[in-house]
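One structure is given below, encoded as structure tokens.
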Amino acid sequence: MREALTAILMLVAASTAMAADPLPSAADDAAARLAALPLHPIEGLWSIPGHDTVIEIVRDSLATNGEPARYRMAVVTADDLAVPAGTMVGTATPTAAYGVYDSTIFTDALPGKHLTPAEPRRVTLSLDDDDSRLMAKSYGRNVVLRWWRLLPYTLRWALSVTEEKAPDTEGLVRIYPESSLPQNPIYL
């Protein structure tokens, strides 16, 4: 009886000791990898507000003059289990304006649930003044077929309402490296 009780206590002690040392998360591993690099303003770990998704933005290739030609955006952790870690979600290229990047975001998924560059979404990414937020504004060509215009003349002037999102509400918030300014206000 005494040996059984000792074995149970040893198992409980071993299980609590293992639980006390948490494993590093994928975001911690990515932050450690980025800590060894000289980072450009857009590079780092970014989160999507309202989701548990973390995206890593790093240099993908270098131009001949040493300036980055393209940045790669890959998922570190995803809210959606269908998007595995390491999935490339887009690319960004610097423009003539400082802190503004022309980006292609992959939004379509194949039956295997992997993102594909089949129908990319064109987006302009803009860093704010303290480089802690990355605003996204989509652009491109939209074709809308208004089928009621094909009906007889009396029905052609029907009202239509199009809704637009509030400006500067889509984007990413920097996780690593942390900004010098706090993300949330500090109350006294």
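FYI, it's all coordinate maths here, none of it is from the lab. Note that the structure is a prediction, hence the values are computed from the model and not measured. Note that we place each Cβ from the backbone using ideal geometry, even for glycine, and neighbour counts take in every protein chain shown.
Annotation: amide H-H contacts under 5 Å for G171 (H modelled 1.01 Å from N, sequence separation of 5 or more, or interchain): A136. Model label sites at R122 and L62, defined 7 Å from Cα along the beta-carbon direction, differ in position by 3.1 nm.
Residue-wise HN-Hα couplings along segment 87-95, as the Karplus relation 6.51 cos²θ - 1.76 cosθ + 1.60 with θ = phi - 60° gives them from phi, are 5, 6, 9, x, 9, 9, 10, x, 9 Hz; Gly and Pro carry x.
What length, rounded to one decimal in nm, is gained on full extension from L39 through to K137, with 0.36 nm per residue of separation minus their alpha-carbon distance? Show your work: numbers first, answer last.
Working: separation 98, 0.36 × 98 = 35.28 nm, distance 2.39 nm.
Length difference between fully extended and current span is 32.9 nm.
Taking the Cβ-Cβ separation of E170 and A97 as r and a Förster radius of 22 Å, what is the calculated FRET efficiency to the nearest 0.05? E between E170 and A97, to the nearest 0.05, is 0.70.
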